[in-house]
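The values are calculated or read from the model by the stated rules, or taken from the named source; none is laboratory data. This structure is a prediction, so every number in the text was calculated from the model and none was measured. Quick reminder, even Gly has a Cβ in these numbers, built from the backbone with ideal geometry, and neighbours come from all protein chains shown.
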Amino acid sequence: MSKIREAFDHGKAFIAFITCGDPDPETTAAAVRSAVRCGADLIELGIPFSDPTAEGPVIQAASLRALQGGITTDKVFDLVRDLRRDVTVPMVFMTYANVIFSYGAERFLAACEETGIDGLILPDLPYEEKEEFLPFCRAHGVDLISLIAPTSENRIAMIAKEAEGFVYVVSSLGVTGMRSEIRTDLASIVEVIRQNTSVPCVIGFGISTPAQAAEMAAVSDGAIVGSAIVKILEKYGKEAPEHIGEYVRSMKDAMR
């Protein structure tokens with residue numbers, strides 16, 4: 001059983017996404033620690049991939065910077081080992097199926113267990129094909145986190161019934177990135193999820209302002225923010241962790 005549920009023990013969860021190795025692993029580690037210190041309840045670590053199909057330009061650029069800087073999956077696991085010396089909040093990976101295939105699924109999930117990774121998000125893995133990885137996840141106590149999008153419609157109940165860790169509700173069609181407004185009828189999607197599982201559901205994609213975070217937390221169990229944090233890293237580089245902490249605090253305060 002993973003520790004993910006602990007992220008929801010103190011009210012609405014704020015989940016911070018950070019791309020590993022952008023601009024370097026040391027800055028990633030400092031950014032994670034700053035986010036946790038300032039109220040992040042769960043950390044989503046992006047393992048860079050050359051063709052991140054779910055990502056908008058901001059996170060695509062971060063992945064490219066990290067890959068050009070020499071980040072590898074082994075270095076990501078080293079980073080997690082370092083973080084786990086003092087970071088106790090749940091941590092999950094967000095990456096793509098190819099990253100795991102090329103590393104070897106058994107080896108990858110064993111390393112997740114050894115380093116203290118609690119969950120895995122694979123946006124390019126269709127629900128119908130999750131058996132490809134599920135046995136390895138189960139064997140190593142890692143939750144395989146399901147995504148539910150506005151297009152899931154008649155599959156929402158089916159996906160929710162088998163959900164573990166948390167349900168990742170995609171707020172809008174398209175790729176990740178900041179949006180000025182979110183128009184999807186998320187309350188009705190969350191209602192169907194809640195009828196079918198007690199697993200927490202959080203909303204991601206497009207959330208960047210405290211007002212949006214509060215709005216999403218009002219209809220779900222929390223909010224995931226990625227592009228807005230990665231933008232801070234892009235702007236400030238090695239000086240970003242302090243700014244990320246201030247940003248996370250403002251978002252968490254809005255959700256209380």
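Selection of region 87-113 for residues being polar (S, T, N, Q) and either under 12 Å from residue 49 (Cα atoms) or buried (at least 19 other Cβ atoms within 10 Å of the Cβ) (or both) yields 95, 98, 102. Give the residues of region 198-253 that are of a type in the set (Gly, Ala, Ser) and surrounded by fewer than 19 Cβ atoms within 10 Å (Cβ to Cβ), sorted by residue number. 198, 211, 214, 218, 237, 250, listed by residue number. Residue 171 meets each of the listed conditions (1) within 24 Å of residue 73 (Cα to Cα); (2) hydroxyl-bearing (Ser, Thr, Tyr); (3) under 15 Å from the mean Cα position of the chain (by Cα) apart from (1).
Candidates 56, 69: the one that is under 16 Å from the mean Cα position of the chain (by Cα) and surrounded by fewer than 21 Cβ atoms within 10 Å (Cβ to Cβ) is 56. Within region 199-213, track down each residue that is under 30 Å from residue 158 (Cβ atoms), assigned to a helix (DSSP H, G or I) and not polar (S, T, N, Q). 213 - this is the single residue of region 199-213 that is under 30 Å from residue 158 (Cβ atoms), assigned to a helix (DSSP H, G or I) and not polar (S, T, N, Q). Any residue that is under 17 Å from residue 231 (Cα atoms), part of a strand (DSSP E or B) and touching a residue at least 40 places away in the same chain (Cβ under 8 Å) - is there at least one of those in region 19-26? Checked against the condition, which is being under 17 Å from residue 231 (Cα atoms), part of a strand (DSSP E or B) and touching a residue at least 40 places away in the same chain (Cβ under 8 Å), region 19-26 yields at least one hit.
Looking only at residues of region 53-92 that are of a type in the set (A, V, I, L, M), within 20 Å of residue 224 (Cβ to Cβ) and assigned to a loop (DSSP other than H, G, I, E, B), we find that the one that is modelled with the lowest pLDDT is 54. Selection of region 10-23 for residues being out of contact with any Ser or Thr (no Cβ under 9 Å at 6 or more places or on another chain) and crowded, with 19+ Cβ neighbours inside 10 Å yields 13, 14, 15, 16, 23.
State which residue is nearest to residue 253 (Cα to Cα) when the search covers only region 34-54 and only residues that are out of contact with any helix residue (DSSP H, G or I) (no Cβ under 7 Å at 6 or more places or on another chain) and acidic (Asp, Glu). That would be 44. Looking only at residues of region 214-256 that are charged (D, E, K, R) and outside any helix (DSSP H, G or I), we find that the one that is nearest to the chain's Cα centre (by Cα) is 221. Scanning region 114-129 for residues that are of a type outside the set (Ser, Thr, Tyr), crowded, with 16+ Cβ neighbours inside 10 Å and either without any contact (Cβ under 8 Å) to a residue 12 or more places away in the chain or not in a loop (DSSP other than H, G, I, E, B) (or both) gives 119, 120, 121.
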